[in-house]
Amino acid sequence: MIHSHRAQHPHAHAEHEDHRGHGHAHRHGPSDFGMRFVIGIALNLIFVVIEAVYGIIANSVSLIADAGHNLSDVLGLGVAFAATVASGRAPTPRFTYGFRATSIMAAAFNAAFLLVVTGSLCYAAIERLFRPEPVAANTMMAVAAAGMVINAITAALFASGRRSDLNIRGAFLHMASDAAISGGVVLAGLAISLTGAQWIDPALSLVINAIIIAGTWGLMRESLAMSMAGVPAGISSADVRQYFAAMPGVSDLHDLHIWSMSTSEIALTVHLVMPDGHPGDAFLMRTATELRERYGIGHATVQVETELETICALAPDEVV
């Protein structure tokens, strides 16, 4: 929303609001992912049990590791689903932004959990690398192939939302990475069947885990930046500052902040110094539209200051 303030009161931005200048523009993530989470969780939970049983029967560390990885994804999908539900709850007098930030917490948890699980799988693979054991390659390939199909289907459920919501992206990365792991297990089983080299099983597991860690690190970095109210990836605060500075009638600006309210919503505050007077509601509405279309910022608060002799306590950049 856009707020216009004719008078200026440090740290009291509700004073002298012009409520006619409100323009709501939220960049929401896809709204139909609830059932997709349920389907993904059910499919993978069933397969975890099947894969673990056959992993023990086949004596395959890759198959057992894949089952563990799938279990971590079931938990990750559950956390992401809970965050999606929580973020849709209405604001309360205490939590005035609602519970949107739970989606950021879930994204960070999923990234951290995936890194921890992958690290433990690397440890198991290294142990097996130095102490190779015979595996039932045919069983290993058949079960892993089924897992690859299930993981690919689940990843496809979240593919459409991975660019607009970091939480959905985390779910997509989890399932896509598991599809890759299952594919690697199939190749490992084929290679073992053809060559009899048992070390291929743990060696390929290490390669796949390294790929997953590299891909997950970006998700971790971005979710941590969001939790610290950092400027979202893809937005340059310098560009946004230049956008405001170039507006007709704006002589100066300060208190510019851009942060993520959730994994799919971006907020902004700014104070504009306009000595020639308040520009009116049309200016506020146009600003809301341009911020949404140019930068994906859907929740903006703009304070207009007109009196040059009034010194805003928030004017220095180092004051927040």
| task | Kindly indicate which of 253, 268 is aliphatic (A, V, I, L, M), at pLDDT below 95 and part of a strand (DSSP E or B). | result | 253
| How many of the residues making up the stretch 124-145 are surrounded by fewer than 16 Cβ atoms within 10 Å (Cβ to Cβ) and more than 16 Å from residue 204 (Cα to Cα)? | 2
| query | Which one of the conditions (1) assigned to a loop (DSSP other than H, G, I, E, B); (2) open to solvent by 50 Å² or more (accessible area, probe 1.4 Å); (3) within 25 Å of residue 96 (Cα to Cα) does residue 276 fail to meet, given that it meets all the rest? | reply | (3)
| Between a first residue in the stretch 167-180 that is modelled with pLDDT of 80 or more and open to solvent by less than 20 Å² (accessible area, probe 1.4 Å) and a second residue that is assigned to a helix (DSSP H, G or I) and of a type in the set (D, E, K, R), which pairs have beta carbons less than 9 Å apart while being 6 or more apart in sequence or on different chains? | 175/73
| message | With the structure loaded, tell me whether residue 120 is assigned to a helix (DSSP H, G or I), among the hydroxyl-bearing types (Ser, Thr, Tyr) and at pLDDT below 80 or whether it fails that test. | response | no
| query | For the stretch 231-250, what are the residues that are out of contact with any strand residue (DSSP E or B) (no Cβ under 7 Å at 6 or more places or on another chain) and modelled with pLDDT of 90 or more? | reply | 236, 238, 239, 242, 243, 246, 247, 248, 249
| message | Considering only the stretch 281-296, I want to know if a residue exists there that is free of Cβ contacts under 8 Å to residues at least 40 places away in the same chain, more than 16 Å from residue 240 (Cβ to Cβ) and either surrounded by fewer than 18 Cβ atoms within 10 Å (Cβ to Cβ) or touching a Phe, Trp or Tyr at 6+ places or on another chain (Cβ under 8 Å) (or both). | response | yes
| note | Note: among 211, 192, just one is buried (at least 21 other Cβ atoms within 10 Å of the Cβ), part of a helix (DSSP H, G or I) and touching a helix residue (DSSP H, G or I) at 6+ places or on another chain (Cβ under 9 Å), namely 192
| task | Evaluate the following for residue 239: is it assigned to a helix (DSSP H, G or I), under 30 Å from residue 129 (Cα atoms) and not polar (S, T, N, Q)? | result | no
| request: Hey, could you check the stretch 55-109 for residues that are in a loop (DSSP other than H, G, I, E, B) and of a type in the set (S, T, N, Q) and say which is surrounded by the most Cβ atoms within 10 Å (Cβ to Cβ)? | output: 60
| task | Please specify each residue of the stretch 190-226 satisfying the condition of being of a type in the set (Ser, Thr, Tyr) and more than 17 Å from residue 76 (Cβ to Cβ). | result | 193, 195, 205
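So that you can scan it fast, the table gives a plain yes or no per residue for (1) of a type in the set (S, T, N, Q); (2) buried (at least 21 other Cβ atoms within 10 Å of the Cβ):
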| site | (1), (2) |
| --- | --- |
| 183 | no, no |
| 205 | yes, yes |
| 244 | no, no |
| 249 | no, no |
| 272 | no, yes |
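The values are calculated or read from the model by the stated rules, or taken from the named source; none is laboratory data. This is a predicted model, so every value here is computed, not measured. Cβ: placed from backbone, ideal geometry, glycine included. Neighbour counts: every protein chain shown. Keep in mind that these areas ignore ligands, DNA and RNA; they rest on the heavy atoms of the full protein, side chains included. Shrake-Rupley method; radii C 1.70, N 1.55, O 1.52, S 1.80 Å.
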